[in-house]
Amino acid sequence: LFRSGRRLEGRVSWQGEDGATGVLVAANSVVTDEPDTSDTGVDDDVRALLVAVRGSDAEMRAIAVRELTCASDASEQLQRETVSALCEALNDAKLTKRALESLGELGVTAAKAVPAVIPLLEPPDPQVRYWATFAVGRMGTAAQTAIPLLQKLTTDADYGPRYGAIDALKRIEAETSGD
């Protein structure tokens, strides 16, 4: 299958609203739908997304960064690789916000990313600051080191980072107190 001069090859697992599952397979310019018989579908999906996030196609990288939230159901090794890839994506201005959102969606699974996220609580872009608060607020007790910057952000001139900081502080406090 060719689209915009690109060739599509690979497998994509799908699940319908009715619970039905399957796999779309693209090979030799033909797309077929097959029953899903793999027990490692999520791991396969995450591996494919990790390849895409490190690829050269900017559009595919952006999609892969956002879709890597599925790694929460993957093996521990792939979860670690996903967090590492998302931390690398934080260095690409076109991917930063999406990577922060995905790290936040991964929650405590992404706790090791706290040191990479904390500096992003200070950039001039309020959307980056907001998504950084979103991420650390969901990373559990590991995010306690972000508390001083989050407290500072509660008086931010922009609504998004201010709201995000308040929410993150509440989440970290609840996690710390065991609520």
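The values are calculated or read from the model by the stated rules, or taken from the named source; none is laboratory data. Being a predicted model, the structure only gives us computed values, none of them experimental. With ligands, DNA and RNA removed, areas are computed over all heavy atoms of the protein, side chains included. Shrake-Rupley method; radii C 1.70, N 1.55, O 1.52, S 1.80 Å.
If you filter the range 109-128 down to residues that are open to solvent by 20 Å² or more (accessible area, probe 1.4 Å) and among the small types (Gly, Ala, Ser), you find that the one that is nearest to Leu86 (Cα to Cα) is Ala116.
From the list Ser84, Ser102, Ser56, the lone residue that is among the polar types (S, T, N, Q), outside any helix (DSSP H, G or I) and either open to solvent by 70 Å² or more (accessible area, probe 1.4 Å) or at pLDDT 95 or above (or both) is Ser56.
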